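Structure, as structure tokens:
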Amino acid sequence: MRAFENSKGATTAETLMLAPLYFFMAFGLLQLGQLATALIVVNYAAGSMVRQAIADNGLEGNYDDRLRKLQTAGMHKPHTRVKTDGSKLMGNITVYACSEVNAFPFIGALLGRTLAASFGSGTSYDCENLNLFAFNASGPGSFVVQGTAKGRMNMRPNG
């Protein structure tokens, strides 16, 4: 019976020591889910915009509103760029779509430098020069998610 009387303090101490690890893992998984959703959205938006750019004969336009309408919770600062290689008949069109996702406060504070070193750093306005992910360490920290789609002008829909 004495063994159980002294274990109350040990259980509390162990819980207090491991609780930050459990919270970090739980919120880290939530952050990964949010980033995966953002990656799907920006890739869908880039594909949608390349089809629209082909229908518009490759004219560069303001496609940020289209990405803004597709954004889900936590995504902000949409930026798109449509590039053509100059040829109207058989030219290539590349669309870059980027959006920022806020990092959870303790993830940005604890892992900001590591994330910037491993993913690269940048903002949504550096869209063409980023990989799939980048980490913007300014302020509370945010992830930049990039999607790219390519199309050819000869795939223009009829009509």
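Going through the stretch 71-109 one residue at a time, which ones are of a type outside the set (A, V, I, L, M), over 26 Å from N57 (Cβ atoms) and assigned to a loop (DSSP other than H, G, I, E, B)?
Matches in the stretch 71-109: Q71, T72, G74, F104.
Which residues, taken from the stretch 49-70, are assigned to a helix (DSSP H, G or I), touching a residue at least 40 places away in the same chain (Cβ under 8 Å) and touching a helix residue (DSSP H, G or I) at 6+ places or on another chain (Cβ under 7 Å)?
M49, I54
Go through (1) crowded, with 17+ Cβ neighbours inside 10 Å; (2) without any contact (Cβ under 8 Å) to a residue 12 or more places away in the chain and name the single condition L32 misses.
Of the numbered conditions (1) crowded, with 17+ Cβ neighbours inside 10 Å; (2) without any contact (Cβ under 8 Å) to a residue 12 or more places away in the chain, the odd one out for L32 is (1).
Name the single residue, out of those in the stretch 1-26 being open to solvent by less than 80 Å² (accessible area, probe 1.4 Å) and within 30 Å of Q71 (Cα to Cα), that is modelled with the highest pLDDT.
A26
Show the residue pairs meeting these rules: Cβ distance below 6 Å; 6+ apart or different chains; first residue within the stretch 97-113 and more than 15 Å from T72 (Cα to Cα); second residue assigned to a loop (DSSP other than H, G, I, E, B) and of a type in the set (A, V, I, L, M).
Partner pairs satisfying both residue conditions: G112/A137.
How many residues are touching a Gly at 6+ places or on another chain (Cβ under 6 Å) and under 18 Å from P105 (Cβ atoms) when one looks only at the stretch 20-45?
The first filter runs over the stretch 20-45 and keeps only residues touching a Gly at 6+ places or on another chain (Cβ under 6 Å), leaving 34, 42-43.
If we keep only those that are under 18 Å from P105 (Cβ atoms) too, we end up with 34.
Here the count works out to 1.
The values are calculated or read from the model by the stated rules, or taken from the named source; none is laboratory data. Because the structure is a prediction, the values reported are computed rather than measured. Heads up, the Cβs are rebuilt from the backbone with ideal geometry, glycines too, and the neighbour counts pull from every protein chain shown. Calculation scope for accessible area: heavy atoms of the full protein, side chains included, ligands and nucleic acids excluded. Shrake-Rupley method; radii C 1.70, N 1.55, O 1.52, S 1.80 Å.
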